[in-house]
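The values are calculated or read from the model by the stated rules, or taken from the named source; none is laboratory data. Everything quoted here is computed from the prediction, not taken from an experiment. Here the Cβ positions follow ideal geometry from the backbone for every residue, glycine too, while neighbour counts run over all protein chains shown.
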């Protein structure tokens, strides 16, 4: 039987989604909880998005394949009791045997920037901007360069071997900037998928270009054609959150 789990987590203390030897990961904690509940290792877990170390999620999707039919309400409750407090199962539904969790229509990520006063209750989830308040109209103009189809190989964490097997020409559907109810700047990215570090490198470069005229839109456009050097600027992970995964 196959079930689709919706997970929320604070990624601060984890080395990303993907299970790694001797490292705390979201997948690792979920599998440990499943083993404790089911008393077996005879199950399969597959995440829709491989969030990086320190990245958070409100709506990670996970396909669980098991050999029994659980009471979903009780199963969800048992999982949440067994999981660490910074990982929660929000929902569980039954899906067809043909369901492909990686066949995503669109992913939405938010990158949060605080250009106001320090807040100890939100600092785990945002980039602190210690300069003057950001003009979001000006910043939006820079981000607009990244919308559409481009070669993002200079805006990725892929090594040379991975670049031979992983497609770097990708389409970003939209990038929108707005202030939320707490006056934080939200940079919202929507696309079918993203390469490792892609969003964080785009944010880092955009913020650098915002305050340094030496990095012009023309230079960014060249980099988006694969011309030039790979950007060394990567925005910190804690500002990034997987907001939603949509299936067609």
Among residues of segment 27-51, those that are over 18 Å from residue 6 (Cβ atoms), in contact with a strand residue (DSSP E or B) (Cβ under 9 Å, 6 or more places away or on another chain) and surrounded by fewer than 19 Cβ atoms within 10 Å (Cβ to Cβ), counted: 0
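Is it fair to say residue 70 is more than 25 Å from residue 189 (Cβ to Cβ), in a loop (DSSP other than H, G, I, E, B) and either at pLDDT 95 or above or in contact with a strand residue (DSSP E or B) (Cβ under 7 Å, 6 or more places away or on another chain) (or both)? Before the answer, list the steps.
Numbers: more than 25 Å from residue 189 (Cβ to Cβ): yes; in a loop (DSSP other than H, G, I, E, B): yes; either at pLDDT 95 or above or in contact with a strand residue (DSSP E or B) (Cβ under 7 Å, 6 or more places away or on another chain) (or both): no.
No: the conditions fail for residue 70.
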The one condition in (1) over 28 Å from residue 185 (Cβ atoms); (2) in contact with a helix residue (DSSP H, G or I) (Cβ under 6 Å, 6 or more places away or on another chain); (3) not assigned by TED's automatic domain parsing to the domain that holds residue 53 that residue 127 fails to fulfil: (1)
Considering (1) buried (at least 19 other Cβ atoms within 10 Å of the Cβ); (2) in contact with a strand residue (DSSP E or B) (Cβ under 8 Å, 6 or more places away or on another chain), say which one residue 14 fails and leave the rest. (2)
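Somewhere in segment 45-64, is a residue assigned by TED's automatic domain parsing to the domain that holds residue 18, outside any helix (DSSP H, G or I) and without any contact (Cβ under 8 Å) to a residue 40 or more places away in the chain? Can you show your working first?
First pass over segment 45-64, keeping only residues assigned by TED's automatic domain parsing to the domain that holds residue 18: 45-64.
Filter once more, keeping what is outside any helix (DSSP H, G or I): 45-64.
Among the residues that remain, those that are also without any contact (Cβ under 8 Å) to a residue 40 or more places away in the chain are: 45.
Looking through segment 45-64, at least one residue is assigned by TED's automatic domain parsing to the domain that holds residue 18, outside any helix (DSSP H, G or I) and without any contact (Cβ under 8 Å) to a residue 40 or more places away in the chain.
So if I check each of 21, 70, which one is surrounded by fewer than 14 Cβ atoms within 10 Å (Cβ to Cβ) and either farther than 30 Å from residue 200 by Cα or within 24 Å of the chain's Cα centre (by Cα) (or both)? Full working, then the answer.
Numbers: 70 fails: surrounded by fewer than 14 Cβ atoms within 10 Å (Cβ to Cβ).
Selected residue: 21, the only one of 21, 70 that is surrounded by fewer than 14 Cβ atoms within 10 Å (Cβ to Cβ) and either farther than 30 Å from residue 200 by Cα or within 24 Å of the chain's Cα centre (by Cα) (or both).
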Condition set in contact with a strand residue (DSSP E or B) (Cβ under 9 Å, 6 or more places away or on another chain) and part of a helix (DSSP H, G or I), scope segment 78-88, selection nearest to residue 34 (Cα to Cα): answer is 79
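Can you pull out the residues in segment 79-99 that are within 21 Å of the chain's Cα centre (by Cα) and free of Cβ contacts under 8 Å to residues at least 24 places away in the same chain?
85
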